Structures are given as C-alpha cells and as structure tokens.
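Student: Would you mind keeping the following structure in view while I ask a few things?
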Amino acid sequence: MKHKILGRTLIAITCILVASIYGTARALAEDIKIGVVDTERVLAESAPAVRALRKIEREFLPRDQELKKLAVQAKELQDLLEKEGKRMPEAERRSKERDLAALNREYQRGQRQMREDLSLRQNDEVAALQLTATKAIQIIAETEKYDLILPLRDLVYRSPRIDITDKVLKALADK
C-alpha cells in the first residue's frame, strides 16, 4: 500500500513539474517575437536593387556596344576571307588573317575585362544594398519589437506569418 501511495505521489509530482515546465516554456515562447527575411528576394526585387541594376546597365552599355561592333567587324572579315580568300593575293590574305586574329584578341580581351569590371561593380552594389537592407531590417525589428530576425535561406520550415520580407521591401521602396 505504501508503494502505491508513493508511486501515485511521484506521478502527481512529475505531472505538476511537466505542466510547470510546459507552462514556463510556453510563456517564454509567447514573449519571443521572431521574423524571417528572404534576403535573395530583397536583393533582387527591392527598389534600390532595381535602380542599381539599371545604373550598371547604363554604365556598361557603351562597352557592350563597342564589343558588339568588334564582333561584327571580325565576322565580316572572316566571311570575306572564307568567300574570297583563295582568290586574294597571298600577302593581302595573310594581312587580313592577321587583322582577324588581332580583332579576335581585342574582342576577347575586352570581353574578359568587361566581365571582371562588371563583377566588381555588381559586388559593390550588392554590398551597399546589403547595408541598406540591414538598416531597414534593424529599424523594423526595433519598431515592432522583434527579438530575432533570421534569413529565410537557411531555414527548413517557417510559418508565412513570421515572414517580414514584404515589410522590408516596402521600407526599401522609400529609399
């Protein structure tokens, strides 16, 4: 009989402890406000991102057009050599072949340089945008009393109700 009473008492104490721990954990969870942000979407769709993309396109358009002109010149020279190369005097044909090789080298060098410059420019703009987005997220976090905001990219699951990406995009629309 003593064992039954002791067993029931232990079960009762265990239930009380579990309920207490569950209640405390639940209360703590209710006090914590968590949000997530789709940073890739912010970097692609935000107003500053769109403006940066247009700016870079305008910046690199003249170089791109120059490269296209070189490509057209090289193509025309290659077509000429293919059609009339056998009828040309040897010296003229060799001269045109050297010109074609020089055009191809100039085109490849220009293309490589433009890719490198474009990559550097994009990295600069992304860094500036990340800084602006981080500031906007911090303002939202402080204003709306978030305890934690995580990037969406690394999460396995999230509830749509904690996604603040649209709020961040709206905040960045004004910048």
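Student: Against the conditions (1) open to solvent by less than 40 Å² (accessible area, probe 1.4 Å); (2) in a helix (DSSP H, G or I); (3) in contact (Cβ under 8 Å) with a residue 60 or more places away in the chain, where does Gln130 fall short? Just the number, please.
Tutor: Failing condition for Gln130: (1).
Student: Scanning for something touching a Ser or Thr at 6+ places or on another chain (Cβ under 9 Å) and hydroxyl-bearing (Ser, Thr, Tyr), does segment 37-52 turn up at least one residue?
Tutor: yes
Student: Next up: Starting from segment 102-120, take each residue that is closer than 15 Å to Asp64 by Cβ and list its partners that are open to solvent by less than 90 Å² (accessible area, probe 1.4 Å) and among the basic types (Lys, Arg), counting only C-beta distances under 6 angstrom and pairs at least six apart or across chains.
Tutor: Short answer, once both residue conditions are applied: Met114/Arg63.
Student: Then there's this: If you check Glu116, Glu142, which single one turns out to be surrounded by fewer than 15 Cβ atoms within 10 Å (Cβ to Cβ) and over 21 Å from the mean Cα position of the chain (by Cα)? Quick ask: steps written out before the conclusion?
Tutor: Working: Glu116 fails: over 21 Å from the mean Cα position of the chain (by Cα).
After ruling out the rest, the residue left standing is Glu142.
Student: Filter segment 152-175 down to residues that are within 15 Å of Ala44 (Cβ to Cβ) and at pLDDT 90 or above and give me whichever is most open to solvent (accessible area, probe 1.4 Å).
Tutor: Pass one, segment 152-175, residues within 15 Å of Ala44 (Cβ to Cβ): 152-153, 165-166, 168-169, 172-173.
Subset that is at pLDDT 90 or above: 165-166, 168-169, 172-173.
Numbers: Thr165: 1, Asp166: 97, Val168: 0, Leu169: 28, Leu172: 0, Ala173: 60 Å².
Among those that are within 15 Å of Ala44 (Cβ to Cβ) and at pLDDT 90 or above, it is Asp166.
Student: For the subset of segment 20-48 comprising residues that are of a type in the set (Lys, Arg) and not in a loop (DSSP other than H, G, I, E, B), which member is modelled with the highest pLDDT? Give the derivation first.
Tutor: From segment 20-48, those of a type in the set (Lys, Arg) are 26, 33, 41; that's our starting set.
Now restrict to residues that are not in a loop (DSSP other than H, G, I, E, B): 26, 41.
On the way: Arg26: 53, Arg41: 93.
That would be Arg41.
Student: Give the number of residues within segment 34-76 that are closer than 30 Å to Lys167 by Cα and of a type in the set (Lys, Arg). Full working, then the answer.
Tutor: Step one: filter segment 34-76 for residues closer than 30 Å to Lys167 by Cα, giving 34-58.
Next, from what is left, pick out any that are of a type in the set (Lys, Arg): 41, 51, 54-55, 58.
Residues in segment 34-76 being closer than 30 Å to Lys167 by Cα and of a type in the set (Lys, Arg): 5 in total.
Student: With the requirement that a residue be assigned to a loop (DSSP other than H, G, I, E, B) and more than 11 Å from Ile34 (Cα to Cα), what does segment 141-175 give you?
Tutor: Of the residues in segment 141-175, the ones assigned to a loop (DSSP other than H, G, I, E, B) are 144-147, 155-159, 164, 174-175.
Result: Leu155, Val156, Tyr157, Asp174, Lys175.
The values are calculated or read from the model by the stated rules, or taken from the named source; none is laboratory data. These numbers come from a predicted model, not from an experiment. Please note: Cβ atoms are built from the backbone with ideal geometry, for glycine as well, and neighbour counts cover all protein chains shown. With ligands, DNA and RNA removed, areas are computed over all heavy atoms of the protein, side chains included. Shrake-Rupley method; radii C 1.70, N 1.55, O 1.52, S 1.80 Å.
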